[in-house]
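Structure record follows, encoded as structure tokens.
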Amino acid sequence: MVGTTPGLALVLGTAFVFAYVNGLNDSANAVATLISTRAMAPRRALLMAAAGELIGPFAFGSAVAATMGNDLLKPEALTPAVLFAALLSAVAWGLLGWYLGLPSSSSHALVGGLVGGALAAIGTTGFRVEGLLLVVLYLLLSPLLGLILGYVMLRALLAILAGAAPGVNVQLRRLQLFTAFALALGHGSNDGQKSIGVMAASLVAFGAMSSFVIPWWVVALAALGLALGTAVGGQRLIRTLGVRIYRIRPVHGFAAQGPAALVVLASALLGGPVSASQVMASAIMGVGIAESVSRVRWRVAVNIFLSWALVLPATAAGAALLYQWTRTLFAR
């Protein structure tokens with residue numbers, strides 16, 4: 001059994017690790033196409049993305065944090081044991097995705113962990129139905145929207161640039177710098193707020209705060225974790241998104257990054273937690289389909305889809321099992 005102060009430090013520390021693993025995994029979203037098209041060298045690209053991740057959590061409000069920390073589960077389900085089990089399960093899934101080189105959804109992993117932990121603790125009565133439906137809706141629709149917008153964007157660009165000289169690739173690479181930074185900002189905001197929401201919820205659960213509010217230092221802690229993970233970068237994931245789905249040229253990179261950034265940023269403002277890795281991978285597939293269905297390496301795409309399908313049940317089951325230990329750890 002751990003005391004209140006050590007217990008709170010343990011949960012907050014694990015939330016920081018979750019933010020770091022999130023950044024490690026999702027660094028590929030912002031820089032994979034940037035590196036693949038040689039718009040920027042890998043180290044510079046990762047540092048630029050890390051800067052966006054650091055700024056993002058401060059820049060676009062806290063709507064997603066409120067969704068994750070206050071609107072998904074009822075207060076009686078947000079216990080230290082549930083939060084700790086959910087974070088451990090989400091971190092484990094993120095590390096597995098990084099090791100296998102598959103884009104894994106930190107958003108789905110955390111939602112699955114929270115759902116599994118709450119189910120193990122008090123059953124279905126712990127959910128806020130409207131909040132859960134909203135989260136699921138955003139998680140399901142955002143990849144589809146990324147795919148459609150990526151398709152439309154490339155078709156439009158191909159029509160506009162028909163007959164253009166090869167020098168247009170130089171301009172497209174420059175434009176990629178802006179879309180990549182916008183995507184990093186959006187990811188920093190949307191995914192950073194998930195860690196922020198859980199940290200704020202843990203402060204309430206341990207009695208350090210009487211109501212759900214977000215201290216500035218919580219935002220800074222989550223932003224730092226994301227930025228550090230992004231700066232390190234997940235090379236396996238960068239290769240998957242930048243090379244293994246299909247060979248990407250500057251027009252493809254710009255066509256995929258722009259719509260992905262739009263979806264992630266808009267969702268952050270609306271309070272919808274989305275998976276930036278899913279949105280970006282779907283946008284890349286949409287761009288590939290727009291040029292030629294045969295360009296997409298569908299075996300890799302199928303593996304990615306399978307990992308997406310598994311994440312919710314796997315992390316929910318993991319958190320439910322871990323809860324049997326964490327409830328003893330935090331027993332009072």
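The values are calculated or read from the model by the stated rules, or taken from the named source; none is laboratory data. Everything numeric in this text was worked out from a predicted model, so none of it was measured. Reconstructed Cβ throughout: ideal geometry from the backbone, glycine too, with neighbour counts over all protein chains shown.
What number of residues within the stretch 1-19 are at pLDDT below 85 and not hydrophobic (A, V, I, L, M, F, W, C)? First the steps, then the outcome.
Narrowing the stretch 1-19 to residues at pLDDT below 85: 1-5.
Narrowing further to those that are not hydrophobic (A, V, I, L, M, F, W, C): 3-5.
Residues in the stretch 1-19 being at pLDDT below 85 and not hydrophobic (A, V, I, L, M, F, W, C): 3 in total.
Test Val82 against the stated conditions and say whether it is of a type outside the set (S, T, N, Q), buried (at least 22 other Cβ atoms within 10 Å of the Cβ), in contact with a Gly (Cβ under 7 Å, 6 or more places away or on another chain) and in a helix (DSSP H, G or I).
Numbers: of a type outside the set (S, T, N, Q): yes; buried (at least 22 other Cβ atoms within 10 Å of the Cβ): yes; in contact with a Gly (Cβ under 7 Å, 6 or more places away or on another chain): yes; in a helix (DSSP H, G or I): yes.
Answer is yes for this residue.
Might you check whether a residue that is aliphatic (A, V, I, L, M), over 16 Å from Val274 (Cα atoms) and at pLDDT below 85 occurs anywhere in the stretch 145-163?
yes
For the stretch 20-48: of the residues being at pLDDT 75 or above and within 11 Å of Leu228 (Cα to Cα), which is surrounded by the fewest Cβ atoms within 10 Å (Cβ to Cβ)?
Leu47
Looking at (1) buried (at least 18 other Cβ atoms within 10 Å of the Cβ); (2) in contact with a Lys or Arg (Cβ under 8 Å, 6 or more places away or on another chain); (3) at pLDDT below 85; (4) not hydroxyl-bearing (Ser, Thr, Tyr), which is the only condition Ala290 fails?
(3)
Answer with yes or no whether Leu175 is more than 29 Å from Ala316 (Cα to Cα) and either in a helix (DSSP H, G or I) or of a type outside the set (A, V, I, L, M, F, W, C) (or both). First the steps, then the outcome.
Numbers: more than 29 Å from Ala316 (Cα to Cα): yes; either in a helix (DSSP H, G or I) or of a type outside the set (A, V, I, L, M, F, W, C) (or both): yes.
Taking the combined requirement at face value, the residue satisfies it.
Within the bounds of the stretch 121-130, is there any residue that is at pLDDT 85 or above and within 24 Å of Leu226 (Cα to Cα)?
Checked against the condition, which is being at pLDDT 85 or above and within 24 Å of Leu226 (Cα to Cα), the stretch 121-130 yields no hits at all.
If we scan the stretch 194-204, do we find a residue that is touching a strand residue (DSSP E or B) at 6+ places or on another chain (Cβ under 9 Å), of a type in the set (Gly, Ala, Ser) and over 18 Å from Leu265 (Cα atoms)? Before the answer, list the steps.
Initial filter on the stretch 194-204 (touching a strand residue (DSSP E or B) at 6+ places or on another chain (Cβ under 9 Å)): 201.
Okay, now just the ones that are also of a type in the set (Gly, Ala, Ser), so 201.
If we keep only those that are over 18 Å from Leu265 (Cα atoms) too, we end up with 201.
So far as the stretch 194-204 goes, yes, one or more of its residues are touching a strand residue (DSSP E or B) at 6+ places or on another chain (Cβ under 9 Å), of a type in the set (Gly, Ala, Ser) and over 18 Å from Leu265 (Cα atoms).
Given the structure, is Ala201 over 23 Å from the mean Cα position of the chain (by Cα) and farther than 28 Å from Arg44 by Cα?
On the way: over 23 Å from the mean Cα position of the chain (by Cα): no; farther than 28 Å from Arg44 by Cα: yes.
No, not satisfied.
Among what's in the stretch 311-332 and is within 18 Å of Thr4 (Cα to Cα) and among the aliphatic types (A, V, I, L, M), pick the residue that is surrounded by the most Cβ atoms within 10 Å (Cβ to Cβ).
Among those residues, the one meeting the criterion is Leu329.
Which of (1) among the hydrophobic types (A, V, I, L, M, F, W, C); (2) surrounded by fewer than 24 Cβ atoms within 10 Å (Cβ to Cβ); (3) within 15 Å of Lys194 (Cα to Cα) is the odd one out, the single condition Val64 does not satisfy?
(2)
Determine which single condition Thr240 fails, assuming it passes every other condition in (1) under 30 Å from Arg43 (Cα atoms); (2) among the hydroxyl-bearing types (Ser, Thr, Tyr); (3) at pLDDT 80 or above.
So the condition that Thr240 fails would be (3).
Out of the residues in the stretch 49-79 that are within 20 Å of Val264 (Cα to Cα) and part of a loop (DSSP other than H, G, I, E, B), state the one that is modelled with the highest pLDDT. Even if it seems obvious, please write down each step before you answer.
Taking the stretch 49-79 as the starting set, the residues that turn out to be within 20 Å of Val264 (Cα to Cα) are 49-69, 71-72.
Adding the requirement that they be part of a loop (DSSP other than H, G, I, E, B) leaves 60-62, 72.
Numbers: Phe60: 80, Gly61: 76, Ser62: 81, Leu72: 86.
The residue in question is Leu72.
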